[in-house]
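Structure first, commentary second.
The values are calculated or read from the model by the stated rules, or taken from the named source; none is laboratory data. The shown structure was predicted, so the numbers you read here are calculated from the model rather than taken from an experiment. Here the Cβ positions follow ideal geometry from the backbone for every residue, glycine too, while neighbour counts run over all protein chains shown. Remember, those area values only see protein heavy atoms, side chains included, never the ligands or the DNA or RNA. Shrake-Rupley method; radii C 1.70, N 1.55, O 1.52, S 1.80 Å.
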Amino acid sequence: MFSSEELKFAKPGAVRTRIAPSPTGLLHIGLARTALFNYLFAKQCQGSFVLRIEDTDLERSSPEYENDIIENLKWLGINWDEGPDISGKYGPYRQRERLDTYKKYLDILLKDDKAYYCFCSEEELEVKRQYQMSQGEAPRYSGKCANLPKETVKKYLAEGKPSVIRFRVASKKVSFNDLIRGRLEFDMGLAGDIVIAKDVSTPLYNFAVVIDDFEMKISHVIRGEEHISNTPKQILMQEALGFPRPEYGHLPLILGTDRTKLSKRHGAFGITDFRREGYLPEAIINYMAFLGWNPGDEKEIYSLPSLVKEFSLEKVQKGGAIFNIKKLESLNGFYIRQRSIEKITELCLPYFIEAGLIIPIFEEMQYPPAYGGKQIIQKYKNSETEKIITLDVLQKIISIYHERLKKNSEIVELADFFFKEKLEYDKKLLKWKGMNDGEVRDVLNKLENILSEISENNWTKENLGNVLLLEAERIGPALQKDRGYLLWPLRVALTGKEASAGPFEIAEILGKEKTLNRIKTALYKIS
Ligand code: GLU
């Protein structure tokens with residue numbers, strides 16, 4: 001076995017990894033993490049990363065799930081070299097399209113008597129299982145059909161007696177060197193013969209995966225810890241068919257903060273959900289790398305290309321990796337700040353639209369042919385006032401929240417007051433540190449007087465800041481008040497919120513008229 005350091009210098013193409021999702025659910029964080037680690041390992045060894053869709057479970061598989069998996073892996077930037085959508089040398093890459101191949105190998109196993117037909121009914125097996133468990137034994141197949149005479153098998157099959165195909169699990173110890181866990185050994189004497197197909201045209205996971213990993217020349221199988229107990233079974237089938245054994249590495253489970261296996265109970269962990277909430281792909285990639293891997297130093301920020309260079313399977317831990325949403329949020333905030341205001345505005349606008357605050361409109365503009373001829377220009381209007389809101393204003397709104405956004409969907413809660421005509425808030429919120437109604441009224445009156453003196457031309461956050469801070473300094477000490485005395489009621493009057501960006505930048509964006517109107521409304525509330 002080579003270390004992953006050595007494999008970085010392996011012959012290009014020698015390393016082939018794969019992700020083999022069953023399309024029975026949306027792409028979730030566990031599968032995406034497995035895809036990422038396989039991708040990183042393949043890329044750093046100049047190998048290939050393969051996507052194979054394991055859709056043998058016809059009832060539970062659906063094209064919608066397959067699409068979700070493909071779309072979201074692409075969105076994350078985890079691209080494969082071979083897969084159902086781009087084909088490749090070892091395709092097809094959907095198990096449903098490979099049934100002939102499985103049949104070929106099932107026939108070999110049956111012919112060589114390494115697998116056999118089993119005619120035990122479900123009820124019969126269940127009774128045995130219950131009995132074994134009542135005796136404190138692990139349930140395993142009794143072997144009742146293991147040695148049926150050939151003639152009997154033929155007769156039953158001809159009669160159409162329901163059957164499955166079982167693989168003869170050798171009663172021996174199977175060991176392998178797990179890339180993450182080191183040497184693991186399993187006593188297969190306890191396993192019993194396993195069902196590998198419902199019939200020659202309907203293989204089950206443990207069998208199909210062995211055939212495909214072999215046929216697709218997979219060199220390294222890196223997958224979740226929940227598959228550890230499948231590995232010795234798969235190894236025995238490889239031995240029965242004379243296949244070489246790939247290397248195996250089992251990634252640690254992802255746990256919730258309560259240290260139990262991550263599940264629906266802990267919230268939504270579909271990549272689609274993260275995407276909808278406004279997480280950026282680079283943040284999710286960076287975060288997922290740390291779900292089990294640790295570079296061993298303080299460095300926390302990794303792009304996909306830097307992970308390809310620095311990731312190493314040897315540094316993947318054995319113990320469960322805890323999913324901490326706060327950590328993901330803070331990384332996401334970091335990556336939001338790396339993107340331009342223009343880009344974040346583009347990503348935030350759909351949330352305003354969905355919340356019904358703004359409406360996109362499309363205007364047809366006629367330019368001379370040299371300037372592009374007819375063009376569709378997208379604009380936005382306020383859904384209450386129907387007034388046009390320019391992109392410039394929208395970008396200004398985003399810019400004052402760029403520093404504090406942790407995910408793009410938060411923008412609605414933070415900035416909805418810009419678009420609303422009427423703000424709902426309790427008048428008590430206008431009071432700063434024990435002010436009474438009269439004091440609030442005085443301050444609001446003062447604000448109205450001062451601000452109405454400022455011309456539209458001078459209505460900039462800098463100027464508003466200068467004027468209001470000067471006033472706060474002037475009256476503050478006399479009244480023994482800090483500047484919140486003046487600025488808090490202003491901020492609440494403008495936003496209706498307990499927390500927001502600063503009042504000067506908000507007032508600049510709202511404009512003089514709206515600012516004064518909101519102060520008047522606040523005065524009315526408190527009177
Ligand atoms: N189809 C299996 C799953 O989704 C793949 C397991 C494997 O990687 O072998 O869990």
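Set the Förster distance to 45 Å, then compute FRET efficiency between ILE377 and LEU157 from the Cβ-Cβ distance, nearest 0.05.
It comes to 0.05.
Please give the helix 122-134 orientation as an angle from the longest Cα principal axis of the chain, in degrees from 0 to 90, rounded to the nearest 10.
Roughly 80 degrees, rounded to the nearest 10.
Using θ = phi - 60° and the Karplus curve 6.51 cos²θ - 1.76 cosθ + 1.60, what whole-Hz ³J(HN,Hα) does each residue of the stretch 509-519 get, with Gly and Pro shown as x?
Once rounded to whole Hz, the list reads 5, 5, x, 4, 4, 5, 4, 5, 4, 5, 5.
Any cysteines in the chain with zero other Cys Cβ atoms under 4.7 Å from their Cβ? List them, or say none.
CYS45, CYS120, CYS348, each lacking another Cys Cβ under 4.7 Å.
For the stretch 227-309, which GluC sites (Glu not before Pro) are both in a DSSP coil and crowded by at most 16 other Cβ atoms within 10 Å?
GLU298, GLU300
Give the calculated FRET efficiency between PHE362 and LEU110 to the nearest 0.05, with a Förster radius of 56 Å applied to their Cβ-Cβ distance.
0.30
Within the stretch 159-289, what percent of beta bridges assigned by DSSP are antiparallel, to the nearest 5?
Bridges in the stretch 159-289 that DSSP calls antiparallel: roughly 65 percent.
May I ask you to list the GluC sites (Glu not before Pro) in the stretch 36-96 that are in a DSSP loop and have at most 11 other Cβ atoms within 10 Å of their Cβ?
Counting only loop positions with at most 11 other Cβ atoms within 10 Å, the GluC sites (Glu not before Pro) in the stretch 36-96 are GLU59.
Roughly how many percent of the accessible protein surface of the chain is carbon and sulfur, given a 1.4 Å probe and a whole-percent answer?
In the chain, the share of accessible area belonging to carbon and sulfur is 51 percent.
Give me the lysines in straight-line cross-link reach of LYS327: C-alpha distance below 17 Å, same-chain residues under 8 apart excluded.
Output for LYS327: LYS299, LYS406, LYS407.
With both partners inside the chain, how many of the DSSP beta bridges are antiparallel, as a percent to the nearest 5?
Antiparallel bridges: around 65 percent, rounded to the nearest 5.
Any idea what the relative contact order of the chain is, in percent, if you count C-alpha pairs under 8 Å spaced at least 6 apart?
Relative contact order of the chain: 11 percent.
What aspartates and glutamates does LYS374 reach when the alpha-carbon gap must be under 16 Å and sequence neighbours fewer than 8 apart in one chain are set aside?
Excluding near neighbours in sequence, the set is GLU363, GLU364.
So if each residue of separation counts as 0.36 nm, and I subtract the Cα-Cα distance between GLU239 and ASN466, what length gain in nm does that give?
Gain on extension, GLU239 to ASN466, equals 73.7 nm.
So if I restrict to the alpha-carbon atoms in the chain, what is the Rg, and what is Dmax, the biggest pairwise distance, in Å?
For the chain, the Cα radius of gyration and maximum Cα-Cα distance read 32.3, 108 Å.
Before I look further, what does the stretch 21-121 give for accessible area per residue, probe 1.4 Å, in whole square angstrom?
Ligands and nucleic acids excluded, the figure is 41 Å² per residue.
Only sites in a loop by DSSP and with at most 16 other Cβ atoms within 10 Å count here; which GluC sites (Glu not before Pro) in the stretch 491-523 make the cut?
Within the stretch 491-523, the qualifying GluC sites (Glu not before Pro) (loop, at most 16 other Cβ atoms within 10 Å) are GLU498.
Which pairs break 31 Å Cα to Cα here: LYS104/LYS309; LYS217/LYS309; LYS461/LYS520; LYS43/LYS379; LYS172/LYS309; LYS343/LYS433?
LYS104/LYS309; LYS43/LYS379; LYS172/LYS309; LYS343/LYS433
Percent relative contact order of the stretch 89-180, based on C-alpha pairs within less than 8 angstrom and at least six residues apart?
Answer for the stretch 89-180 is 35 percent.
Mind checking the per residue accessible area of the stretch 361-414 for me, 1.4 Å probe, whole number of Å²?
64 Å²
Figure the gain on full extension for GLU473 and VAL393 (residue separation times 0.36 nm, minus the Cα-Cα span) and round it to one decimal in nm.
25.7 nm
Which cross-chain or sequence-distant (5 or more) residues have an amide H under 5 Å from the amide H of ILE194, H modelled 1.01 Å from N in plane?
Hits under the 5 Å cutoff: PHE167, VAL169.
Label-point separation (nm) for LEU190 and LYS520, each offset 7 Å from Cα along Cα-to-Cβ?
My value for the distance between the label points is 8.1 nm.
Using modelled amide H (1.01 Å from N, peptide plane; none on Pro or chain starts), what sits under 5 Å from the amide H of LEU251, excluding residues fewer than 5 places away?
When sequence neighbours closer than 5 places are left aside, the close amide H contacts are ARG223, GLY224, GLU225.
Leaving out ligands and nucleic acids, note down the accessible area per residue over the stretch 169-276 with a 1.4 angstrom probe, in whole Å².
Ligands and nucleic acids excluded, the result is 42 Å² per residue.
Search the structure for amide H atoms under 5 Å from the amide H of ASP178, placed 1.01 Å from N in the peptide plane, and list their residues when 5 or more places away or on another chain.
ARG183, LEU184
How much length, in nm to one decimal, is gained on full extension between LYS172 and GLU424, taken as 0.36 nm per residue of separation minus their Cα-Cα distance?
Length difference between fully extended and current span is 83.4 nm.
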